[in-house]
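Student: Please see the structure below; I have some questions.
Quick note: the coordinates plus some simple rules give every number you see, no bench work behind them. Everything quoted here is computed from the prediction, not taken from an experiment. All Cβ positions, glycine included, derive from the backbone under ideal geometry; neighbour counts span all protein chains shown.
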Amino acid sequence: MSHDLHVDDLTDLWRLGAVLLPTVAIQYATMASELHKTALNEGPAFERSKSGPTKLLTAWTELRDTMQDQIAVKTHQRLLTAGEALKQIAEGYATTDYLSAEDIARFNEEIENANNDPVFEPPPYVPDAPSTDDPHPEENPPDERGR
Amino acid sequence: MGGITDTDYSAGPADRVRAMEAPSVWDVAERAAEVVNAAVRARQKEIMPGPSVGYNEDTGEQMMHYDDLATGTSYTYMGNNRWVNNNTGEDVDDPRNIDPAQYQWIIDDFKYFHERWDSYPMAMAMECEAAKAAIQEGEMSALLTADQIAWNGWGGDAQRHFTQFFLDPFVQTAVTTQQTVLDELAVAMYAYAALLKQARIDAKLLADKAIQALDGLHESNPPEATTVIKIAAAVVGVVGAIASGGGTLVVTLGIIGAGLGGAEVIAEGITEPEKSRPIEGSFVHEVLDKLRELLQEMKSDMDKVEENIGKQIEEAAGQVNGWLTSSDPEEVSTILPTEPDDDIPNVTDGEVQPGSDDFRPRT
């Protein structure tokens, strides 16, 4: 470990884990969601009345499924796991006597007041990345009362 | 002309696009029905009234005579709306009453070229583009420069493993590879949409020319009816235009990779991606035989292009699966970030030395 660990490094590390990686994870949830939507159109796009769906459908959906389940969903999960790890590491350092009491107090103050500072504010909600097995909410639009 | 109304196009994000597409779909269906009408009209012209052959002894009605120029059959009117086929002796209906049902195959065959709507694959392509945009924008740019963040003070194995096995491969390679595969999915759907759209255009032209050829039968100096089939050429053009924008790819895959070297791969196995074909014949059945032959040629081109797109997608999928199933974690990280160790050691132990297994490549 370097002996030049400053409190700013620690807050950057915490921010990377608590804010940046979960925010990018949300983007992967969107990627999975957009790919999920394609399934709604694949039936009519490929169905032929006499000979059924085409071989292209099989090839395309296999690659789409891989990108959704094996890439988007997993990247989403790994970003969250990595983020949680960095956050724990940063908070772990802050419980040691490596930093001065003053620095530790500053670190704790910054992350405790994160909600007041957009730079340090973790996303309030990280949606799940839908997998191909998940239902399509678009198939069941809300009724007139929005339910 | 039934058939296209049983396509459900009510759901999904591209309703307006579909509404715009509907007229051109109907157009082809209607033209196919008009080909049937033209065939009926032309057949009626082929059955020519001949000289009267006398009067029916029982009814006193005039005994008309018809000659079918196309088949060489002659018919004689027997009275009471009955005719006799002079070649077989068979009692038949008025030979000039042509049953359109015998040409139902025209409507059925044309359906192949309009029953699939390009707005569906277009919507799918746009969704793939939105999926790509999702991992291009927002905080992704901040993550791309995260390894330059001033955290130099954080050291040890955990820091090294995080940057070496997770962050660097992710931002330097995996994100771009993921975007390339999403491009590949989108390009395949753009190509497929172009295929469906051009098939409709070609089918409409073919129907128009078939009508022209049928209406020109037995006319003096009928105009030459020539159609153009350019399904394959059109799709090659679309793929080539998209692929030419992808010259900076980190990895090249399937259609995009092939397109960079020549989008003609999409037309592989098709001798003439664009071709002119006359629709000719001296009689209705000859014109319709030619029509059937051209419909088959169009279908063959369409199926081949579709097969070629599928082949390129399979190739891309093979490469992606190769990365994902590799026993070498670095290969896996070409497209997928390393899985961090689930068990984060307590970094407060001892000398605040994070465990060496953090962010190791998962084997």
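Student: Within the range B:106-122, name every residue whose backbone N is under 15 Å away from a label modeled 7 Å from Cα of residue A:50 along the Cβ vector.
Tutor: The answer is B:106-116.
Student: For a footprinting-style exposure proxy, rank B:293, B:314 by other Cβ within 10 Å, fewest first.
Tutor: Ranking B:293, B:314 by Cβ neighbours within 10 Å, fewest first, gives B:293, B:314.
Student: Further question on the same structure: Given R₀ = 22 Å, FRET efficiency for residue A:95-residue A:8 by Cβ-Cβ distance, to 0.05?
Tutor: About 0.75, to the nearest 0.05.
Student: Okay, next question. What is the spin-label model distance, in nm, from residue A:121 to residue A:108 if the labels are put 7 Å beyond Cα along the C-beta direction?
Tutor: 2.5 nm
Student: Considering all projection directions equally, how large on average is the shadow of the alpha-carbon convex hull of the range A:60-133, in square nanometres?
Tutor: 6.5 nm²
Student: Mind giving me the nanometre distance, one decimal, between the label points for residue B:326 and residue B:104, set 7 Å out from Cα along Cα→Cβ?
Tutor: Between residue B:326 and residue B:104, the label points sit 5.7 nm apart.
Student: Then there is this: For the ranges B:177-188, A:15-26, B:317-328, what's the packing order if you count other beta-carbon atoms within 10 Å of each residue, average per peptide, and put the highest first?
Tutor: In decreasing order of mean packing, B:177-188, A:15-26, B:317-328 become B:177-188, A:15-26, B:317-328.
Student: Can you put B:120, B:75 in order, fewest other beta carbons within 10 Å first?
Tutor: B:75, B:120
Student: Moving on to the next point. Treat every Asp and Glu Cβ in the range A:1-85 as -1 and every Lys and Arg Cβ as +1, leave all other atoms uncharged, and give the resulting dipole magnitude about the Cα centre to the nearest 20 debye.
Tutor: Once rounded to the nearest 20, the dipole reads 660 debye.
Student: Take the Cα atoms of chain A, find their three principal axes, and give me the spread along each one in whole Å, biggest first.
Tutor: That works out to 76, 42, 18 Å along the principal axes.
Student: What average count of beta carbons from other chains do you get within 10 Å of the Cβ of residues in A:62-70?
Tutor: Partner-chain Cβ atoms within 10 Å, mean over residues of A:62-70: 6.
Student: Residues of B:189-195, mean number of Cβ from any other protein chain within 10 Å of their own Cβ, rounded to a whole number?
Tutor: 2
Student: Which of the lysines could a cross-linker span from residue B:290 if the Cα-Cα distance has to be under 26 Å and same-chain partners fewer than 8 positions apart are dropped?
Tutor: Straight-distance partners of residue B:290: A:50, B:45, B:111, B:197, B:204, B:209, B:230, B:275, B:299, B:304.
Student: Let me ask something additional. What residue among A:131, A:107, A:24 has its Cα farthest toward the positive end of the dipole of chain A, where the charges are +1 on Lys, Arg and -1 on Asp, Glu, each on the Cβ?
Tutor: With unit charges placed on the Cβ atoms, the residue in question is A:131.
Student: What does the average come to when, for each residue of peptide B:95-107, you count the partner chain Cβ atoms lying within 10 Å of its Cβ?
Tutor: For peptide B:95-107, the averaged partner shielding equals 0.
Student: Around residue B:96, what is the net charge, scoring Lys/Arg as +1 and Asp/Glu as -1 over all other residues with Cβ under 12 Å from its Cβ?
Tutor: The answer is -3.
Student: Shifting gears a bit: If you take the beta carbon distance between residue B:37 and residue A:65 as r and set R0 to 51 Å, what does 1/(1 + (r/R0)^6) give as a FRET efficiency, to the nearest 0.05?
Tutor: 0.65
Student: Counting pairs of Cα atoms in the range B:283-336, how many percent are more than 19 Å apart?
Tutor: 57 percent
Student: Same structure, new question: As I understand it, the dipole of the range B:178-241 uses +1 on the Cβ of Lys and Arg and -1 on the Cβ of Asp and Glu, about the Cα centre. Which of B:191, B:206, B:231 lies farthest toward its positive end?
Tutor: Result: B:191.
Student: Using the count of nearby Cβ atoms within 10 Å as a rough guide to exposure, how do A:9, B:93, B:27 rank from fewest to most?
Tutor: B:93, B:27, A:9
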